[in-house]
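To keep things clear, I will list the structure first and then write my remarks on it.
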2 protein chains.
Amino acid sequence: MQVKIKDVAKHAGVSVTTVSRVLNGERYVKDDLKAKVNDAIQELGYAPSQIARSLVRNKTNLIGVIVPDLTSSFYSTILSSIEDMASANDYNLLVCNISENIDKELKYLNVFQEMRVEGIIIMHEKINEEIRHLIHKINIPVIFSSVKPLDQSFASVIVDDYQASYDATKYLIELGHETIGFIGGDLQDITSGQNRYSGYRNAMADNGKTLVDEHIRFGDYKVRSGYLHMKELLSIERPPTAVFAVSDDMALGAMNCIRDHQLRVPEDISVMGFDGSLLTELVRPTLTSMEQPIQEMGRATMDVLLKQISGKKIPTGDVVLEHRLVIRESCQPRI
Amino acid sequence: MQVKIKDVAKHAGVSVTTVSRVLNGERYVKDDLKAKVNDAIQELGYAPSQIARSLVRNKTNLIGVIVPDLTSSFYSTILSSIEDMASANDYNLLVCNISENIDKELKYLNVFQEMRVEGIIIMHEKINEEIRHLIHKINIPVIFSSVKPLDQSFASVIVDDYQASYDATKYLIELGHETIGFIGGDLQDITSGQNRYSGYRNAMADNGKTLVDEHIRFGDYKVRSGYLHMKELLSIERPPTAVFAVSDDMALGAMNCIRDHQLRVPEDISVMGFDGSLLTELVRPTLTSMEQPIQEMGRATMDVLLKQISGKKIPTGDVVLEHRLVIRESCQPRI
């Protein structure tokens with residue numbers, strides 16, 4: 001049987017109101033009553049209901065998190081880092097996996113509102129008009145993590161996608177590659193799609209490399225899509241000698257495709273990824289990648305959100321973290 | 001500004017009590033009043049507070065989930081499947097990542113109680129006395145997913161670990177391997193540790209193979225541990241020609257170690273995994289593995305828990321799902 005507040009009152013020989021005042025930490029409760037109540041709580045193993053306290057204090061200690069794909073190593077690592085910091089600050093996470101299901105996302109945003117979450121973290125940027133409208137309407141602090149939606153009024157924690165992509169492409173150019181294939185993301189996504197594509201294009205142009213239409217493809221960031229686009233790149237008469245995929249998952253798909261075609265990475269084709277997910281170290285050859293500081297991204301996301309929740313003035317604009325090229329085995333100089 | 005129940009009442013021209021009765025779906029509210037209230041709710045965009053309704057109905061629609069490691073592909077895939085089924089049944093998940101931190105687990109179990117979660121899912125089996133006691137005390141339906149703790153009073157959704165391990169070992173024996181290395185789990189874990197080890201031992205003995213002490217090692221299920229134990233196996237004078245690791249992560253670590261020592265999988269050493277995680281298809285060579293039906297495990301976990309929550313009589317004992325050997329590239333007949 002669940003111990004109730006009236007059981008505590010009876011056991012302590014005081015009124016329910018007194019117990020409630022002790023639980024809510026109100027002043028002007030006599031010390032001996034306080035002691036009696038606390039003893040009764042201990043002895044009965046009473047746990048005050050968080051939901052009852054939420055009503056009184058208007059604090060739920062809940063944060064809603066919308067993850068596009070829990071099975072992706074990139075997102076699950078950010079989530080793990082967010083969870084660590086939430087827990088350290090006594091916040092609990094309501095986790096939702098939406099797998100590109102807009103209806104599920106709408107439903108969850110409504111649930112977040114009903115549950116009175118104090119803040120919302122969103123890890124994808126494909127925000128349609130209905131969702132954009134809903135987020136503004138529910139008026140709860142929102143932060144986008146690792147992505148930046150088109151609506152500039154939302155805060156994001158991101159890397160400089162344009163520059164990161166520029167630097168990745170430039171590294172391959174410096175290795176002597178003349179033809180560099182590109183497996184990009186959806187151009188509807190401002191961050192990962194458009195900015196990474198522009199970075200690639202401009203790095204090529206600035207270094208006098210010709211952009212070849214058939215070397216440029218757009219996937220969905222997942223392993224399978226990297227595999228299929230690499231297959232197309234291998235089917236053209238003179239495939240590029242290096243390929244830059246804008247997610248580690250797509251880069252891994254590309255590496256697997258190259259290997260399944262009896263070619264070698266990096267001897268025949270160099271492959272560069274983007275993200276710095278755990279996969280980079282788990283595969284062979286290990287994957288050279290333009291890394292986002294994933295752990296730090298999770299921490300920074302919670303940091304900004306907690307400031308928003310506490311009503312602190314936060315610096316306007318986005319938090320932009322440093323990207324970093326990590327050289328491993330999958331790229332080599334063109335011979 | 002958050003729209004409150006009294007705003008709805010004012011807008012509809014009715015009392016707060018009437019709005020509340022409509023919200024709680026009580027009978028005997030006149031149709032025209034009902035219509036007025038519903039119109040006001042629509043027009044003002046009022047979202048009833050889930051926490052207020054929870055108090056009335058004693059239903060929170062919350063399930064607490066304790067995950068040992070969110071960044072592991074095995075756990076994040078089960079979690080993803082649990083989340084799908086929870087969402088379809090209008091339940092929301094409070095997700096906690098404990099990374100072997102007992103204090104964090106204790107704290108979360110208390111939070112679950114305070115939040116009045118309706119059920120708890122736990123995905124690890126290292127339950128110490130304090131935690132065991134707490135779980136019994138808080139008296140909320142609990143199910144263990146993919147693991148089985150020593151305390152037989154808890155329900156689990158699992159595979160037959162003994163038989164699965166026996167079958168995996170037997171397959172390697174049938175491929176002609178005389179010496180089969182074993183990278184097991186912690187023997188403190190009844191399911192994955194003890195039962196998988198017994199399965200290996202008995203399959204070897206039943207088929208007249210000698211158990212060699214230095215071929216038998218115990219890791220922690222993670223990639224790095226598989227790598228380090230494989231390194232030890234390679235350092236002995238005549239390493240085994242096949243290795244069975246009781247998690248795909250450890251098997252991948254073993255494969256990477258073999259490759260880093262300029263040996264080939266499966267030509268020099270065959271490697272067999274356990275779990276059927278996404279990794280099996282992502283790595284090269286693809287990993288032969290004794291698979292647990294991960295998606296089904298998530299669904300079955302929620303299925304049993306929802307039955308427990310609704311107070312339905314559930315079959316006593318564990319739900320045991322079928323294991324399945326999936327042959328890929330990492331094992332070959334001994335030459």
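The values are calculated or read from the model by the stated rules, or taken from the named source; none is laboratory data. Quick caveat: nothing in here was measured; it's all calculated off a predicted structure. So basically every Cβ, Gly included, is an ideal-geometry build from the backbone, and we count neighbours across all protein chains shown. Please note that ligands, DNA and RNA were not included when accessible areas were found on the heavy atoms of the full protein model with its side chains. Shrake-Rupley method; radii C 1.70, N 1.55, O 1.52, S 1.80 Å.
Does segment A:55-82 hold any residues that are part of a helix (DSSP H, G or I) and either touching a residue at least 40 places away in the same chain (Cβ under 8 Å) or open to solvent by 10 Å² or more (accessible area, probe 1.4 Å) (or both), and which are they? The answer is A:L55, A:V56, A:R57, A:S73, A:F74, A:Y75, A:T77, A:I78, A:L79, A:S80, A:S81, A:I82. Please go through segment A:131-151 and give me each residue that is surrounded by fewer than 17 Cβ atoms within 10 Å (Cβ to Cβ), part of a helix (DSSP H, G or I) and more than 10 Å from chain B (Cβ to nearest Cβ), ordered by number. Within segment A:131-151, A:R132, A:H133, A:H136 qualify.
Would you confirm, using the coordinates I've provided, whether B:N89 is of a type in the set (S, T, N, Q) and either more than 27 Å from A:L109 (Cα to Cα) or more than 7 Å from every other protein chain (Cβ to nearest Cβ) (or both)?
Working: of a type in the set (S, T, N, Q): yes; either more than 27 Å from A:L109 (Cα to Cα) or more than 7 Å from every other protein chain (Cβ to nearest Cβ) (or both): yes.
Taking the combined requirement at face value, the residue satisfies it.
Taken over segment B:94-130, the criterion of being within 18 Å of A:E83 (Cα to Cα), more than 7 Å from chain A (Cβ to nearest Cβ), more than 14 Å from the chain's Cα centre (by Cα) and not polar (S, T, N, Q) is satisfied by B:E100, B:I102, B:D103, B:E105, B:L106, B:K107, B:Y108, B:L109, B:F112. Residue check: B:G199 meets all listed conditions (1) within 17 Å of B:M272 (Cα to Cα); (2) surrounded by fewer than 23 Cβ atoms within 10 Å (Cβ to Cβ); (3) more than 19 Å from the chain's Cα centre (by Cα) but one, namely (2).
Please specify each residue of segment B:241-265 satisfying the condition of being on the phi < 0 side of the Ramachandran plot and surrounded by fewer than 22 Cβ atoms within 10 Å (Cβ to Cβ). Before the answer, list the steps.
The first filter runs over segment B:241-265 and keeps only residues on the phi < 0 side of the Ramachandran plot, leaving B:241-261, B:263-265.
Within segment B:241-265, B:T241, B:R259, B:D260, B:H261, B:L263, B:R264 meet the criteria.
Taking helices (runs of 4 or more DSSP H) that do not extend beyond segment A:214-285, which have at least 2 residues that are more than 21 Å from the chain's Cα centre (by Cα) and of a type in the set (S, T, Y)?
Values: elements: A:223-235, A:248-260, A:279-282.
Ranges flagged: A:223-235.
Taken residue by residue, segment A:167-178 has at least one member that is among the acidic types (D, E) and not in a loop (DSSP other than H, G, I, E, B). Of the listed requirements (1) more than 30 Å from B:A88 (Cβ to Cβ); (2) hydroxyl-bearing (S, T, Y); (3) out of contact with any Pro (no Cβ under 6 Å at 6 or more places or on another chain), B:S277 misses just one: (1). Would you check which residues across segment A:177-196 are open to solvent by 30 Å² or more (accessible area, probe 1.4 Å) and under 26 Å from A:P333 (Cβ atoms) and list them? A:E178, A:T179, listed by residue number.
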